[in-house]
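The values are calculated or read from the model by the stated rules, or taken from the named source; none is laboratory data. Everything quoted here is computed from the prediction, not taken from an experiment. As a convention, Cβ positions derive from the backbone with ideal geometry for all residues, glycine included, and neighbour counts pool all protein chains shown.
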Amino acid sequence: MFKKHEKDTLNYSKLNEGINLGVTILKILFILLIVALVYITSMLLAKWQVLPFIKTLLGVISPLFIGILIAWLFDPIVTKISSKGVNRVLSTAFVYVVFLFTIFIVVKLMIPSVASQLNDIGKQAPSFINYLKDSIDGFLHGIESSTNYDMADIQKQVYSAINGFGKTISVDLPGTLMGIIKTFINGSITLIFGLIIGFYMLFDFNNVREHLITLLPFNWRKDAYKLTDLLNNNLRKYIQGTLTIMLILFVFQSIGLGIAGLKASMVFGLFCAITNIIPYVGPYIGGIPAILVGFSISPTTGIGCLISVLIAQLLESYLLQPVVMGKTMKLHPVTIMIGLLIFGHYFGIIGMLLATPIISVVKTIYNYFDNKYNIFEKIFKNS
């Protein structure tokens, strides 16, 4: 009797192991199915030229998105002022005047300095190219002396590429400047329209969500309120933390690179602060140009720039991110890297900047409905 019971227990154990293995295989197949569907969808979108159309459409209606973003960012301030008994229109006008005045002061203070520093970068370009040639020459000679391999052909090709790069810069410089000016003008016009749209939206922005949610079926409205509250909370924390970190890094890098002896320290500091928005790879994208230009001036300047960039990244990674941002996004590093690759491939640097908040929004929406309806549990239970 005991042996029979022991045998039945062993059979049940094997059965449970088989069931667990089957469930694991089903989960893997389900994930592979999702990956295949995403791949097929992306191929179809590329074949049907849907993505270029979407990019064009987003460019046309971008003032609307800018207006919504500005209204969304300023709504808590306007609402707080209005709660003191001030008319909402007057509150909106006051916030806008302060915002525009701040931009005017910052631009007025920065433009002369940035223009002067860009001029310094232009003057340093020939010395930087010469430094690059000397560094490559020393590197190739080192390989040649250690391996007895003739590096003359490689050296010639590298020099030809560097000279071609320098010639391209000098020949295409007028066209490049015109392109920058055109982009700046178009961006300014888009920003102005966005500011105007945001101004009018702020008059009644506190009721926009209510108006939109009333368009949904009645049974969906409770979920819509909870979900928008979650998204608002996460995104506001992310944007506020990001802007705070950018400002601190800009000030720190501008001072640090200036002390190191790098001209145009504000330009490189601003570039480092902006690229830092891109997780993991952003700090390297922003720091490498400053370090290279620093070494082209002198080894001391280059080492100083390297130290400044490293200290800034340590400050950002171990102090600013944990204290200012906390665990706002709560995203796995692999998820972020995959998002950067996908968004970077289709939308360039702008896509990399927006990848993390967009993924966070998708994750928040998924987690909300998964916690409420146990989507995965029901799928695998039925399977």
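Structure above, values below:
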| quantity | calculated |
| --- | --- |
| Number of the condition not met by TYR225 [criteria: (1) in the same structural domain as PHE104 (by TED's automatic domain parsing); (2) more than 20 Å from GLY59 (Cβ to Cβ); (3) exposed (fewer than 15 other Cβ atoms within 10 Å of the Cβ)] | (1) |
| Criterion: surrounded by 14 or more Cβ atoms within 10 Å (Cβ to Cβ) and part of a helix (DSSP H, G or I) - qualifying residue of LEU212, LEU230 | LEU230 |
| Identity of the residue in the stretch 243-273, in contact (Cβ under 8 Å) with a residue 60 or more places away in the chain and within 22 Å of ILE359 (Cα to Cα), that ends up surrounded by the fewest Cβ atoms within 10 Å (Cβ to Cβ) | THR244 |
| Test: residue in the stretch 287-308 that is among the hydroxyl-bearing types (Ser, Thr, Tyr) and exposed (fewer than 14 other Cβ atoms within 10 Å of the Cβ) | yes |
| Pairs, first under 18 Å from ILE213 (Cβ atoms) in the stretch 229-240, second assigned to a helix (DSSP H, G or I), C-beta under 7 Å, six or more apart | LEU230/THR364; LEU230/TYR368; LEU231/VAL361; LEU231/THR364; LEU235/PRO357 |
| Residue within the stretch 365-376 that is in a helix (DSSP H, G or I), modelled with pLDDT of 80 or more, among the hydrophobic types (A, V, I, L, M, F, W, C) and assigned by TED's automatic domain parsing to the domain that holds THR242 present | yes |
| Filtered residues of the stretch 82-98 (kept if surrounded by fewer than 17 Cβ atoms within 10 Å (Cβ to Cβ) and aliphatic (A, V, I, L, M)) | VAL86, VAL89, LEU90, ALA93, VAL97, VAL98 |
